[in-house]
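Worksheet: the structure to be examined is printed underneath.
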Amino acid sequence: MADLKTLAEAIIKGDQNTAVEITTSALEEGTEAESVLKDGLIAGMDIVGTRFKKNEIYIPEVLIAARAMKMAMKILEPELAKAGVEPIGKFLIGTVRGDLHDIGKNLVAMMLKGAGFEVIDLGVDIPAERFVEQARSTGVQLIGISALLTTTMSGMEKTIKALKGAGISAKIMIGGAPVTQGYADKIGADGYAADAASAVDVAKSLVA
Ligand code: B1M
């Protein structure tokens, strides 16, 4: 019988073969897809997030865990869709215009997926108008903007103004190495997170 605790442990260790094996056998044995997601994959990623926050593990371990989660999710996603399992929220994310840094943004996106969000990743160098257009067409509840350069940070303010000006009601959170809570408050963002694990906590609190 597939053991979801062992599945969570495989995610924590970043053991993608075991993660895929247990996910497959759990589904074959008739375990509900939602339970595999919550009690196996998300349970594992929760622990990864907590350890990352406490500096017990570092970015490479998080990336390896996220890769294992991604492989297992490939098997699980069609079953979740069949079962009509809703994500806990829809999150649109991108790196601001003029900025090509995406390692941190990708990590945030992976952790959000790990926590049960549906993530629409626009990529890098995203102008304000594209955020607006995509927010409108996808109907997301949350929008995340990342910036790594002091020279591109002002693009976040422009993007927030454009989103609010267009009447988009989604909550907006920002992050990236030069960004601070003070800056987030100044430009009218609804949330700020210093790292990928905290981004999950902030996102959850904004959709609650
Ligand atoms: Co760039 N770069 N870079 N770079 N680069 C920095 C950021 C820099 C600090 C290096 C330095 O000078 N010491 C500096 C910025 C200085 C400043 O503005 N204050 C810099 C510069 C100047 C530049 C160029 C201008 C260099 C040049 O060409 N002269 C150029 C700009 C290009 C452009 O964007 N237009 C440039 C280019 C590049 C590469 C393309 C070579 C490459 C990017 C590759 C890629 O991303 N695909 C690169 C890299 C790798 C870096 C460093 C070395 C590493 C960044 C990184 O990935 N960190 C960086 C120096 C450094 O940080 N040591 C540097 C790891 C990542 C996991 O952390 O992105 O902070 P981070 O993400 C964290 C948090 O910030 C947070 O969570 C993440 C995970 O915990 N977070 C969010 C991020 N987004 C979030 C969003 C959220 C919430 C949290 O909510 C939505």
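Derivation of every value follows stated rules applied to the coordinates shown; laboratory data play no part. Not measured: the values here are computed from a predicted model. Cβ coordinates were reconstructed from backbone atoms using ideal geometry, including for glycine residues, and neighbour counts include every protein chain displayed.
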Of Gly144, Gly44, Gly98, the most mobile residue in a GNM of the chain (C-alpha springs, cutoff 10 Å) is Gly98
Expressed in µm² per second, the diffusion coefficient of region 70-121 from the Stokes-Einstein equation, with Rh the Kirkwood radius over alpha carbon pairs, at 10 °C and 1.306 mPa s, is 131
Region 36-98 -> Rg/Rh from Cα coords, Kirkwood Rh, value 1.04
Mean-square fluctuation maximum in Gaussian network of the chain, Cα pairs under 10 Å, restricted to Ser137, Ser198, Ser169, hits Ser137
Largest fluctuation, Glu129, Glu56, Glu118 only, Gaussian network model of the chain with Cα springs under 10 angstrom, belongs to Glu56
Beyond 24 Å (Cα-Cα) in this structure, taken from Lys5/Lys105; Lys13/Lys171; Lys13/Lys74; Lys70/Lys186, we find Lys5/Lys105; Lys13/Lys171; Lys70/Lys186
Rounded to the nearest 10, the angle in degrees between the Cα long axis of helix 128-138 and the longest principal axis of the Cα atoms of the chain comes to 40
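In nm², what is the average projected area of the convex hull enclosing the Cα atoms of region 93-133?
Working: hull surface 10.8 nm².
Mean projected area of the Cα convex hull: 2.7 nm².
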Output ordering of 6-14, 27-35 (per-residue mean of other Cβ within 10 Å, highest first) is 6-14, 27-35
In degrees, nearest 10, the alpha-carbon axis of helix 59-83 is tilted away from the dominant principal axis of the alpha carbons of the chain by 70
When the charge dipole of region 33-144 is computed with +1 at the Cβ of Lys and Arg and -1 at the Cβ of Asp and Glu, the Cα pointing farthest to the positive end, of Ile93, Leu63, Gln141, is that of Leu63
Whole-Å distance linking the alpha carbon centroid of region 32-62 with that of region 121-188 is 27
Taking Cα atoms only, Rg over Rh for the chain with Rh from the Kirkwood formula is 1.00
With label points set 7 Å from each Cα along the Cα-to-Cβ direction at Glu61 and Ala194, the distance between them in nm comes to 1.9
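Size of the dipole of the chain about the Cα centre, Lys and Arg at +1 and Asp and Glu at -1 on the beta carbon, nothing else charged, in debye to 20? The partial results should precede the final answer.
Numbers: 22 positive and 27 negative charges, 163 e Å.
For this selection, approximately 780 debye.
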Measuring from the longest principal axis of the C-alpha atoms of the chain, the long axis of helix 196-207 (C-alpha) lies at a number of degrees, nearest 10, equal to 80
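Over region 117-203, what is the relative contact order in whole percent, taking alpha-carbon pairs under 8 Å and six or more residues apart?
Taking the mean separation of contacting Cα pairs over the length of region 117-203, I get 27 percent.
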